[in-house]
1. For the range 113-126: of the residues being among the aliphatic types (A, V, I, L, M) and within 14 Å of the ligand (Cβ to nearest atom), which is most open to solvent (accessible area, probe 1.4 Å)?
2. Taking interchain pairs and intrachain pairs at least six residues apart, which have beta carbon atoms under 7 angstrom, with the first residue in the range 101-125 and in contact (Cβ under 8 Å) with a residue 60 or more places away in the chain and the second aromatic (F, W, Y) and within 14 Å of the ligand (Cβ to nearest atom)?
3. Quick one: M102 ticks every box in (1) within 25 Å of D36 (Cβ to Cβ); (2) hydrophobic (A, V, I, L, M, F, W, C); (3) within 12 Å of the chain's Cα centre (by Cα) bar one, so which box is it?
4. One residue is enough: does the range 95-106 have a residue meeting the conditions of a type in the set (A, V, I, L, M) and either farther than 30 Å from L183 by Cα or in a strand (DSSP E or B) (or both)?
5. If I ask for residues that are closer than 18 Å to Y12 by Cβ and among the polar types (S, T, N, Q), which ones from the range 91-129 would you list?
6. Can you name every residue in the range 165-199 that is at pLDDT below 95 and of a type in the set (G, A, S)?
Amino acid sequence: MRVDIVSIFPEYFAPLDLSLIGKARAGGVLRLAVHDLRTWTHDVHRTVDDTPYGGGPGMVMRPEPWGEALDALAPGELSPDGHTLPRLLVPSPAGIPFTQAMAHELAAESHLLFACGRYEGIDQRVLDHAATRMRVTEVSLGDYVLFGGEVAVLVILEAVTRLLPGVLGNAGSLDEESHAHGLLEAPMYTKPANWRGHEVPEVLRSGDHGRIARWRRDEALLRTAARRPDMIAALPPESLDKRDRAA
Ligand code: 6GU
């Protein structure tokens, strides 16, 4: 997968050299480039923002540098290697919610392009113009406000990269994880069996795989009901069996 990120703070992305994302980059699974938006300014002050039309606090990112950046990174024609246009993602508290389902959708793309806004956001015409030639999605991490899109891109990229083929050693861990089945994951334990007087639940040491699976399912249901009643309400009724209802 190819990923381009445009930001006025390229330094935010230094951690993408680390850990499993760094490994995915080194191994060529992830071809990632970070670009400084100011590359596409032409005035001595390398200006990227201006006051909002209609008034109000803060500043808005001017359209010209963004237009040139997107022209450079997503030229209109198909490239000679036959690649399609990128999917443009614009992090914004006004976007649609980012979810595990969206992470799966993005992991299937061949080229993602992230436009990181700062201040009060990017002039809307940049997104409207881009939408005439590529798929544009404004995406939000949740109901709170960040200074800019940079940290959101780190989050989204981490969620997407771990779904790319060959990035996780054990593909089974993808199947068991929280959100994979619409429930939060049951608690996990490792050795020692007794730590500071706290015991690992007996069932997990029983070797009875049927009982263990039932216990984990019950714990997942109880935890999800307590912490995320919205997720219980969204479960298809046929996904609950008789013993689930008892739990
Ligand atoms: Cl994606 N961007 C910004 N600036 N704030 C946010 C957000 C994104 N998601 C939640 N708050």
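1. I122
2. Final answer for the pair search is R118/F147.
3. (1)
4. Going through the range 95-106, the residues of a type in the set (A, V, I, L, M) turn out to be 96, 101-103, 106.
Still in the list and also either farther than 30 Å from L183 by Cα or in a strand (DSSP E or B) (or both): 96.
Yes: one or more hits.
5. S92
6. So the first thing to find is which residues in the range 165-199 are at pLDDT below 95, and the list is 165-182.
If the condition is that a residue be at pLDDT below 95 and of a type in the set (G, A, S), then G166, G169, A171, G172, S173, S178, A180, G182 are the ones that fit.
The values are calculated or read from the model by the stated rules, or taken from the named source; none is laboratory data. Since the model is a prediction, treat every value here as computed from it, not as a measurement. Quick reminder, even Gly has a Cβ in these numbers, built from the backbone with ideal geometry, and neighbours come from all protein chains shown. Heavy atoms of the whole protein, side chains included, go into the accessibility calculation; ligands, DNA and RNA do not. Shrake-Rupley method; radii C 1.70, N 1.55, O 1.52, S 1.80 Å.
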